[in-house]
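Scroll down for the structure; my scribbles are underneath it.
Rule-based calculations on the coordinates, nothing more; no lab input. Since the structure is predicted, the reported quantities are computational estimates derived from the model, not experimental observations.
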Amino acid sequence: MEQFSAGNLLNAMIYSALGILIFVVAFVVADKLTPYHLWNEIVHEHNTALAILIGAMS
């Protein structure tokens, strides 16, 4: 049962949080570099191509 130790769980949570943080930072940077708002284009304008591009970046 050493595979399911608290240390391994903590490491997984830390790396998951770090990955999410890096993705959010990359999304914000990409949003600042583009002439339009990414979230508005994806959600309100239903821009599927842009959603696929952002998904591929992740």
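Does anyone have the angle between helix 48-57 and the longest principal axis of the chain? Alpha-carbon axes, 0 to 90°, nearest 10?
40
Under 5 Å between amide hydrogens, which residues at least 5 positions from N47 or on another chain qualify, with H placed 1.01 Å from N in the peptide plane?
Excluding prolines and chain starts, which carry no amide H, the hits are I42.
As a check on your grasp of the helix formula, calculate [θ] at 222 nm for the chain: sum -39500 (n - 2.57) over DSSP H runs of n ≥ 4, divide by the residue count, round to the nearest 500.
Taking each H run of at least 4 residues, the total per residue is -22500 deg cm²/dmol.
Could you work out the Rg to Rh ratio of the chain, with Rh taken as the Kirkwood radius (inverse of the mean 1/r over all Cα pairs)?
In the chain, Rg relative to Rh is 1.22.
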